[in-house]
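The values are calculated or read from the model by the stated rules, or taken from the named source; none is laboratory data. Every value quoted in this text rests on a predicted model; they were computed, and no experiment measured them. Quick reminder, even Gly has a Cβ in these numbers, built from the backbone with ideal geometry, and neighbours come from all protein chains shown. Ligands, DNA and RNA are excluded from the accessible area calculation, which covers all protein heavy atoms including side chains. Shrake-Rupley method; radii C 1.70, N 1.55, O 1.52, S 1.80 Å.
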Amino acid sequence: YYGDFTTGLMFLQGDTIVRQVNGGGYYSEKDVFGLVAYDDQRLLVGTTQDGLSLINTVTGEINAPFGDAITNTFLVQNFLTNLRTLSNGNFIAATIHGGVAQIDREGKLVEIVSKEQSLQDQTVWNAYESEQDYPFTNLWTAMSLGVAKISLPSPFRKVTEDSGFQGLIHSINAI
């Protein structure tokens with residue numbers, strides 16, 4: 001599948017455009033920057049104009065907007081650049097102005113990781129979840145100013161005096 005600005009959501013077979021997806025015309029004149037499988041029949045679609053929506057590729061039924069207003073406002077205001085499915089079933093949305101956002105299956109924001117949580121840059125072009133780091137979930141982000149690794153299950157994003165840590169730290173071990 002891919003989003004074509006002129007015609008909408010299209011179905012590809014190999015390198016060949018086969019047809020417009022049922023209901024895919026809804027996405028004409030929209031910038032589709034995120035497109036992932038939601039379940040066997042539906043796709044989660046992210047556009048820069050509206051945020052998230054669901055399309056049933058069999059019936060053509062569209063659920064727009066999908067999720068809550070907070071999530072969609074965040075994605076539109078911060079300009080969605082990429083959408084991926086995480087191994088926990090949630091989604092990760094990369095943005096130009098707001099870092100990355102983890103979104104649950106109902107379309108609600110779980111967490112935002114941005115410059116305030118110690119990313120070196122707000123502009124995240126892409127995100128990739130590393131499976132090699134099992135049992136930890138590490139998200140790698142491609143940004144305008146480099147690459148960052150975010151440990152998603154960890155509650156810590158930045159460890160400073162503001163986090164309650166003071167003085168000299170002598171040792172760090174995994175639990």
Exercise for the section: Count, please, the residues in the stretch 1-20 that happen to be in a strand (DSSP E or B) and surrounded by 14 or more Cβ atoms within 10 Å (Cβ to Cβ). Expected result: 7
Problem - Residues located in the stretch 32-48, provided they are more than 15 Å from the chain's Cα centre (by Cα), within 25 Å of residue 127 (Cβ to Cβ) and surrounded by 12 or more Cβ atoms within 10 Å (Cβ to Cβ) - result: 42
Exercise for the section: Specify which of the listed residues (175, 103, 96) is modelled with pLDDT of 90 or more and farther than 21 Å from residue 37 by Cα. Expected result: 96
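Output yes when any residue across the stretch 70-79 is open to solvent by 50 Å² or more (accessible area, probe 1.4 Å), under 28 Å from residue 21 (Cα atoms) and in contact with a His (Cβ under 8 Å, 6 or more places away or on another chain), and no when none is. Give the steps one after another, and end with the answer.
Step one: of the stretch 70-79, the residues open to solvent by 50 Å² or more (accessible area, probe 1.4 Å) are 70, 73, 76-77, 79.
After this cut, where a residue has to be under 28 Å from residue 21 (Cα atoms) as well, the list is 73, 76-77, 79.
Filter once more, keeping what is in contact with a His (Cβ under 8 Å, 6 or more places away or on another chain): 77, 79.
Yes, the conditions are met somewhere in the stretch 70-79.
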Exercise for the section: Output the qualifying pairs, or none if there are none: Cβ atoms under 6 angstrom, residues six or more apart or on different chains, first residue in the stretch 80-93 and touching a residue at least 24 places away in the same chain (Cβ under 8 Å), second residue of a type in the set (A, V, I, L, M, F, W, C) and part of a loop (DSSP other than H, G, I, E, B). Expected result: 81/96; 92/86
